[in-house]
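J.: So that we are looking at the same thing, I have put the structure below in structure tokens.
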Amino acid sequence: MTQSKTNNFVIRFANTNGTGSASANHMFAKAIMRMGVPVSAKNIFPSNIQGSPTWYEVRINEQGFLGRRGGAADIMVAMNSQSFQRDLEDVAENGYLLYDNSKSQDLTAVPSSVKKLGIPIAQICEKEYQDQRLRQLFKNVIYVGALAALLDIEFDVLRSLVSDQFKGKEKLITPNIFALELGYQYAHSHFDCPLEPRIERRDLIGEQILVDGNTGCALGAVYAGATVVGWYPITPSTSVIEKFSNYCERLRIDPATGKKNFAIVQAEDELAAIGIAIGAGWNGARSFTATSGPGISLMSEFLGLSYFAEVPVVLMNIQRTGPSTGMPTRTQQSDILACAYASHGDTKHVLLFPKCPRECFELTTIAFDLADRLQTAVILMSDLDLGMNDHLCQPFRWDDERRYDLGKVLNEQELEALEQYGRYQDVDKDGICPRTLAGTHPSKGAFFTRGTSRNRNAVYSERSDDYVDNMQRLEKKFATAAALVPEAVIQQTRQAADISLIYYGTSAQVIDEVIAGFEQQGLTVDTMRIRAFPFGPEVRKFVQKRKNCYVIEQNRDAQMRSLLVNELNLSPQVLTSILNYDGLSITAEMVITKIANERKIAPIRQGVQR
Amino acid sequence: MSYAKSTFRHPNLKVNDIGLTYRDYEGVVSTLCAGCGHDSISAAIVHACAELSLPPHKIAKMSGIGCSSKAPNYFLGRSHGFNSVHGRMPSVTTGANIANKDLTYLAMSGDGDTASIGLGQFAHVIRRRLNMVYMVANNGVYGLTKGQLAATSDKGARNKAGDISPFNEIDLCVMALQLGASFVARCFSGDRQQLVSILKAAISHEGFAFIDIISPCVTFNNQANSKRSYDYVQQHISTAAISDFVPVKDEISCDLPAGNYDDICLHDGSLIRLYKSDENFKCDDKLHAINMIEKHKVKNQILTGLLYVNPAIDTYHEVNQTSDTPLNQLREDVLCPGQRVLSSINESFR
Ligand SMILES: Cc1ncc(C[n+]2csc(CCOP(=O)(O)OP(=O)(O)O)c2C)c(N)n1
Ligand code: SF4
Ligand SMILES: [Mg+2]
């Protein structure tokens, strides 16, 4: 039985980079959302292929399964002549090809089951517009208009989207709507509308928003009170800073003086970027940097300093495909170990794993509190898929009652009241020692911050007992961290389920679909979504209660599994890896297939082990 | 160096304008080699800060890694210090300065720390026009790692182990001039009087002040054939102008007629008074300064003293338009826009 394609299909746009397609495609995805139907959108933008192709894949699924579906597209909008032949191969059986037939195209490779929808877009533009630039720009708007007719999207939805998009630039509204109408009318009069894949209005969106994760991080930093940023451009982290900067220009200008309540420094490299953030953190300003793979490698020495000298800093790692330059515009979760244990010596860092833009916001605000509370680096582990693609998620929320946790920082009165101050005195027995900031008290509280060993009073010391004492306290502090970080999210049946999944970050987007898939086979599923490292006690409990768990991750080397085995001292046999590392975001189908295979061979494997 | 230190250890305990003595500006006892030039620099800093009556807790000492970078522990014990990582002091100081523009930043680096591993950060921190004093204790070698030649050593220079520097040296003053430092000077740790007055001027200068301080390493580069030994430097040092620092309170107005000296008025109203020995010397011209430095080198001389100053340049915070309140003191109610604003932001994603 084939499933109905109403509110359940994938459409892929093949465009040329820099032709203005991004905003038209985004409008298309938003239109689906405004029709009340769940939607997700993913960009693929290779960094180095001839013809600068970009693909934008929209999945529409009213059950809310919004991970990448995989496989060929039900509808291909083929607008890039250079990737045209290759795009023809990616249309599903009985699918549709929408293309520009202004010039004759070689369509011999199109399978006979695929329906060809040719629209003379270039010719229409030539006729309607004088300006070259407008001709190019409105091509995109015209195919969106055509799709509205083909997919039965209410034209009013598009109309209101255009008005919203060009608020303040009213002159642009009419020509855009006109272009939409051109496409809409053409499709209506030439094709049998609507097609089998189509949109039917639903009410499944509620308050949700469609936004990318980097926006969530940037806004999180604004709301958490970050004032100092050091950064160096690298895809896919750059837009965190761009957006932070945009929001600050709007929200952080002093109304009386017009001056900035923030400072952003584009540094000479990532070493300087994190150095700037650490310098600011040392002086008591909330500060951060954002980077990706190669930048993490460069920041490693400074991360060790942050750990050992105990200076707060927030680092956002928008992971991409490594190693080395890897596939720089593809996604992965492959810096888990590099970040957990970054730098030489015995170091460990607090990691947070957001699953959606809303959590990017939330965990960023928590990251700043944790960095101040724990006086150490906190690394937010996002990835390219989350950072740069639009995801449907709950709206950002800030509790106006919430107060920043600035941690243990002694003010002038507190210092005055102290008889003696020692920077590394563990007065509260939680491994976290009160710190002081320069300029606080005329004669008390000054100390020399250093990455070399010292005693509890911050006096240089090479005595082994002082060194060990300090390292043990840092370990104690890390145990304190485990109690402060966000807990894992666990969903479990009363009896242990047939299948137990452990996952984190963007793998979350396929989990509902995976569970539904197994439930169809009559199998029950328990899940645990890890949100932070160090692991809280709930993580150990979940694993210990089960004979075997599948750990789903987007890297080759099963890095989270290694971290679990190592940190919880587990037998490796209790964790089976399900790995996706091809640079494309994970699919439910892949997870289900791999788990099914593992379940087949598991008894055999266990036999061998005995 | 211990003998230099002993001359400062027992000053007549005069109190300064804020009721402190030199003692209150000292640090812990130095663990550098006896005679190390860096200890003289520490002593000069103690003098300069005490005489300027700076509140020690409003000073931040920044450094990288090296014997020179350890030195901040040996002065200003009532100030916070940050001994960061090798070659990266400039970025850490950038962040610190941006977070709190109201402190005085005294940064100490070595020639390895700055001219090799940290050359990139050095270049970029100059471009940023921070209000700070950047000192390099230039001994021509890596003291801490036992005397390897530094990039500041002249071509052909030898260290104690007999290694010969095969390539041209990096002149940090020339670089600083080219990159836009608004105060550039070269000093000798053995000439305390000059160093103290230049330090005072550098601290009072609002902008990026760079001082390359030739500071002999007695352990690895003070041998007879060294060009950074006390003897060599003393014999080859040259000064185009002796500078005196006149603080604001001495109430000398900037428009006094010039005698055999030039007065340069700093932002805070204090003066640098230049007694020229070379009447062609001027210190408001970068190209002239570079020219002078190079000409002296040809004559085998080391030109010291104030080389360039531009008291009227915008600093980082003026360029950035940073708020008047230091960023680290902005409160939550100013920084956090609240849920109402967030709701309207959410609306833009629907
Ligand atoms: C990343 C890194 N590489 C190497 C070192 C070893 N190291 C410590 S100090 C130093 C050179 C210091 O020379 P300089 O800055 O001239 O200071 P000096 O000791 O001469 O005052 C080196 C190479 C280090 N600490 N960190
Ligand atoms: S090794 Fe050289 S630079 Fe280091 S403390 Fe000794 S004399 Fe000074
Ligand atoms: Mg040196």
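The values are calculated or read from the model by the stated rules, or taken from the named source; none is laboratory data. Since we're looking at a predicted model, the values are computed, not measured. Methodologically, a virtual Cβ is constructed for each residue, glycine included, from the backbone with ideal geometry; neighbour enumeration extends over all protein chains shown. SASA here: full protein model, heavy atoms, side chains in, ligands and nucleic acids out. Shrake-Rupley method; radii C 1.70, N 1.55, O 1.52, S 1.80 Å.
J.: Which of the residues that make up region B:155-175 are open to solvent by 40 Å² or more (accessible area, probe 1.4 Å), more than 14 Å from ligand 1 (Cβ to nearest atom) and not aliphatic (A, V, I, L, M)?
T.: Listed by number, the residues that qualify are B:LYS155, B:GLY156, B:ARG158, B:ASP163, B:PRO166, B:PHE167, B:ASN168.
J.: Take the conditions surrounded by fewer than 20 Cβ atoms within 10 Å (Cβ to Cβ) and at the interface with chain B (Cβ under 10 Å from one of its Cβ atoms) and apply them to A:ARG403. Does it pass? Break it down into steps so the answer makes sense when it comes.
T.: Working: surrounded by fewer than 20 Cβ atoms within 10 Å (Cβ to Cβ): yes; at the interface with chain B (Cβ under 10 Å from one of its Cβ atoms): yes.
Yes: the conditions hold for A:ARG403.
J.: Among the residues of region B:218-237, write down those that are modelled with pLDDT of 95 or more, away from ligand 2 (no atom under 16 Å from the Cβ) and in contact with a strand residue (DSSP E or B) (Cβ under 7 Å, 6 or more places away or on another chain).
T.: Across region B:218-237, the qualifying residues are B:HIS236, B:ILE237.
J.: Could you grab me the full set of residues in region B:98-115 that are outside any strand (DSSP E or B), farther than 14 Å from A:GLY279 by Cβ and open to solvent by 10 Å² or more (accessible area, probe 1.4 Å)? Break it down stepwise before answering.
T.: First, the residues of region B:98-115 that are outside any strand (DSSP E or B): B:98-103, B:111-115.
Adding the requirement that they be farther than 14 Å from A:GLY279 by Cβ leaves B:102, B:111-115.
Residue satisfying the conditions is B:ASP102 alone.
J.: Scan region B:193-210 for residues that are aliphatic (A, V, I, L, M) and in contact with a helix residue (DSSP H, G or I) (Cβ under 6 Å, 6 or more places away or on another chain) and report the count. Quick ask: steps written out before the conclusion?
T.: In the first step, residues of region B:193-210 are kept if they are aliphatic (A, V, I, L, M); the result is B:195-196, B:198-199, B:201-203, B:209.
Checking which are in contact with a helix residue (DSSP H, G or I) (Cβ under 6 Å, 6 or more places away or on another chain) leaves us with B:195-196, B:199, B:209.
Count: 4.
J.: Right, here's the next one. Working carefully through the options A:THR449, A:THR440, find the one that is assigned to a loop (DSSP other than H, G, I, E, B), closer than 25 Å to A:ILE278 by Cα and of a type outside the set (Phe, Trp, Tyr).
T.: Working: A:THR449 fails: assigned to a loop (DSSP other than H, G, I, E, B).
Every option except A:THR440 fails the conditions.
J.: Might you let me know whether region A:458-470 holds any residue that is within 14 Å of chain B (Cβ to nearest Cβ) and closer than 29 Å to B:LEU327 by Cα?
T.: Kept after step one, since they are within 14 Å of chain B (Cβ to nearest Cβ), are these residues of region A:458-470: A:458-462.
If we keep only those that are closer than 29 Å to B:LEU327 by Cα as well, we get A:458.
Looking through region A:458-470, at least one residue is within 14 Å of chain B (Cβ to nearest Cβ) and closer than 29 Å to B:LEU327 by Cα.
J.: Looking only at region B:188-217, count how many residues are away from ligand 2 (no atom under 16 Å from the Cβ) and either touching a residue at least 12 places away in the same chain (Cβ under 8 Å) or touching a His at 6+ places or on another chain (Cβ under 9 Å) (or both).
T.: From region B:188-217, those away from ligand 2 (no atom under 16 Å from the Cβ) are B:191-211; that's our starting set.
The next check asks that each one be either touching a residue at least 12 places away in the same chain (Cβ under 8 Å) or touching a His at 6+ places or on another chain (Cβ under 9 Å) (or both); those that pass are B:191-192, B:194-211.
Of the residues in that region, 20 qualify.
J.: Do we have any residue at all in region A:534-542 that's surrounded by 20 or more Cβ atoms within 10 Å (Cβ to Cβ) and part of a strand (DSSP E or B)?
T.: No - not one qualifying residue is present in region A:534-542.
J.: Take B:LEU144 and tell me if it is at negative phi and within 17 Å of the chain's Cα centre (by Cα).
T.: On the way: at negative phi: yes; within 17 Å of the chain's Cα centre (by Cα): no.
So B:LEU144 does not fit the description; no.
This table checks each residue for (1) at the interface with another protein chain (Cβ under 8 Å from one of its Cβ atoms); (2) within 25 Å of the chain's Cα centre (by Cα); (3) farther than 20 Å from A:PHE244 by Cβ.
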site: B:TYR308; (1), (2), (3): no, yes, yes
site: B:ASP314; (1), (2), (3): no, yes, yes
site: B:ASN320; (1), (2), (3): yes, yes, no
site: B:LEU327; (1), (2), (3): yes, yes, no
site: B:GLU332; (1), (2), (3): yes, no, no
site: B:VAL341; (1), (2), (3): yes, no, no
site: B:SER344; (1), (2), (3): no, no, no
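J.: Here's something else I'd like to know. Within region A:483-492, can one find any residue that is part of a helix (DSSP H, G or I) and either open to solvent by 60 Å² or more (accessible area, probe 1.4 Å) or out of contact with any strand residue (DSSP E or B) (no Cβ under 7 Å at 6 or more places or on another chain) (or both)?
T.: The answer is yes, given that some residue of region A:483-492 is part of a helix (DSSP H, G or I) and either open to solvent by 60 Å² or more (accessible area, probe 1.4 Å) or out of contact with any strand residue (DSSP E or B) (no Cβ under 7 Å at 6 or more places or on another chain) (or both).
J.: Name the strands (runs of 3 or more DSSP E) wholly within region A:261-379 that hold at least 2 residues that are of a type outside the set (A, V, I, L, M, F, W, C)? It would help to see each step written out before you state the result.
T.: Numbers: elements: A:263-266, A:287-291, A:313-319, A:350-352.
Output list reads A:287-291, A:313-319.
J.: Pick from region B:71-92 the residues that are over 21 Å from B:VAL196 (Cβ atoms) and either aromatic (Phe, Trp, Tyr) or touching a residue at least 40 places away in the same chain (Cβ under 8 Å) (or both): which of them is farthest from ligand 1 (Cβ to nearest atom)? Explain how you work it out, then say what you get.
T.: Taking region B:71-92 and keeping what is over 21 Å from B:VAL196 (Cβ atoms), we get B:80, B:82-92.
Within this subset, residues satisfying the condition of being either aromatic (Phe, Trp, Tyr) or touching a residue at least 40 places away in the same chain (Cβ under 8 Å) (or both) are B:82, B:90.
On the way: B:PHE82: 15, B:PRO90: 13 Å.
Per the stated criteria, the residue is B:PHE82.
J.: Here is a follow-up. For A:THR215, all conditions in the list (1) closer than 30 Å to A:ASN317 by Cα; (2) at pLDDT below 95 hold save one; what is the number of the exception?
T.: Among (1) closer than 30 Å to A:ASN317 by Cα; (2) at pLDDT below 95, A:THR215 violates only (2).
J.: In region A:44-63, what residues are part of a loop (DSSP other than H, G, I, E, B) and open to solvent by 30 Å² or more (accessible area, probe 1.4 Å)? Walk me through it before giving the result.
T.: Of all residues in region A:44-63, those part of a loop (DSSP other than H, G, I, E, B) come to A:45-52, A:62-63.
Residues satisfying the conditions are A:PHE45, A:SER47, A:ASN48, A:ILE49, A:GLN50, A:SER52, A:GLU62, A:GLN63.
J.: Hey, another quick one. Tally the residues that are over 19 Å from B:ILE313 (Cα atoms) and part of a loop (DSSP other than H, G, I, E, B), restricting the search to region B:161-186.
T.: Going through region B:161-186 one residue at a time, the tally reaches 10.
J.: Could you please find all residues in region A:276-308 being touching a residue at least 60 places away in the same chain (Cβ under 8 Å), within 10 Å of chain B (Cβ to nearest Cβ) and surrounded by fewer than 24 Cβ atoms within 10 Å (Cβ to Cβ)?
T.: Answer for region A:276-308, where residues must be touching a residue at least 60 places away in the same chain (Cβ under 8 Å), within 10 Å of chain B (Cβ to nearest Cβ) and surrounded by fewer than 24 Cβ atoms within 10 Å (Cβ to Cβ): just A:GLY304.
J.: Moving on to the next point. Select, from B:ALA151, B:ALA176, the only residue that is within 11 Å of ligand 3 (Cβ to nearest atom) and either more than 19 Å from B:ILE213 (Cα to Cα) or not acidic (Asp, Glu) (or both). So that I can check it myself, show each step before the final result.
T.: Working: B:ALA176 fails: within 11 Å of ligand 3 (Cβ to nearest atom).
The conditions single out B:ALA151.
J.: Could you check region B:46-77 and list, in sequence order, the residues that are facing another protein chain (nearest Cβ under 8 Å), more than 24 Å from B:ALA34 (Cα to Cα) and open to solvent by 10 Å² or more (accessible area, probe 1.4 Å)?
T.: B:PRO55, B:HIS57, B:LYS58
J.: All but one of (1) more than 14 Å from chain B (Cβ to nearest Cβ); (2) open to solvent by 40 Å² or more (accessible area, probe 1.4 Å); (3) farther than 30 Å from A:PRO357 by Cβ hold for A:VAL409; state the number of the condition that does not hold.
T.: Failing condition for A:VAL409: (1).
J.: Scan region A:155-170 for residues that are modelled with pLDDT under 90 and assigned to a helix (DSSP H, G or I) and jot them down.
T.: A:GLU170
J.: Being away from ligand 1 (no atom under 16 Å from the Cβ) and within 12 Å of the chain's Cα centre (by Cα) is the filter here; which residues of region B:205-241 pass it?
T.: First, pick out the residues of region B:205-241 that are away from ligand 1 (no atom under 16 Å from the Cβ): B:205-209, B:224-225, B:231-232, B:234-241.
Within region B:205-241, B:HIS205, B:GLY207, B:PHE208, B:ALA209 qualify.
J.: Mind checking which residues of region A:14-43 are β-branched (Val, Ile, Thr) and crowded, with 17+ Cβ neighbours inside 10 Å? Spell out how you get there, then give the answer.
T.: As a first pass, look at region A:14-43 and keep what is β-branched (Val, Ile, Thr): A:16, A:19, A:32, A:37, A:39.
If the condition is that a residue be β-branched (Val, Ile, Thr) and crowded, with 17+ Cβ neighbours inside 10 Å, then A:THR16, A:ILE32, A:VAL37, A:VAL39 are the ones that fit.
J.: Tell me yes or no: at least one residue of region A:204-219 is without any contact (Cβ under 8 Å) to a residue 60 or more places away in the chain, of a type in the set (Asp, Glu) and under 30 Å from A:GLY293 (Cα atoms). Spell out the reasoning first.
T.: Within region A:204-219, the subset without any contact (Cβ under 8 Å) to a residue 60 or more places away in the chain is A:206, A:218.
Filter once more, keeping what is of a type in the set (Asp, Glu): none.
Checked region A:204-219: no residue is without any contact (Cβ under 8 Å) to a residue 60 or more places away in the chain, of a type in the set (Asp, Glu) and under 30 Å from A:GLY293 (Cα atoms).
J.: Identify the residue in region A:221-260 that is within 8 Å of another protein chain (Cβ to nearest Cβ) and part of a strand (DSSP E or B) and, among all such residues, is most open to solvent (accessible area, probe 1.4 Å).
T.: Once the filter is applied, the top-ranked residue is A:LYS260.
J.: Also: Does region A:415-422 include one or more residues that are at pLDDT 95 or above, of a type in the set (S, T, N, Q) and on the phi < 0 side of the Ramachandran plot?
T.: no
J.: Quick check: is even one residue across region A:383-399 of a type in the set (S, T, N, Q), in a loop (DSSP other than H, G, I, E, B) and open to solvent by 10 Å² or more (accessible area, probe 1.4 Å)? Walk me through how you get there before you give the answer.
T.: Looking only at region A:383-399, we keep the residues that are of a type in the set (S, T, N, Q), and these are A:389, A:394.
Adding the requirement that they be in a loop (DSSP other than H, G, I, E, B) leaves A:389, A:394.
Going one step further and asking which of them are open to solvent by 10 Å² or more (accessible area, probe 1.4 Å), we end up with A:394.
Yes, there is a match, as at least one residue in region A:383-399 is of a type in the set (S, T, N, Q), in a loop (DSSP other than H, G, I, E, B) and open to solvent by 10 Å² or more (accessible area, probe 1.4 Å).
J.: What are the pairs, 6+ residues apart or on separate chains, where a residue within region B:124-149 that is hydroxyl-bearing (Ser, Thr, Tyr) has its Cβ under 6 Å from a residue that is open to solvent by less than 10 Å² (accessible area, probe 1.4 Å) and more than 13 Å from ligand 1 (Cβ to nearest atom)?
T.: What qualifies is B:TYR134/B:PHE210.
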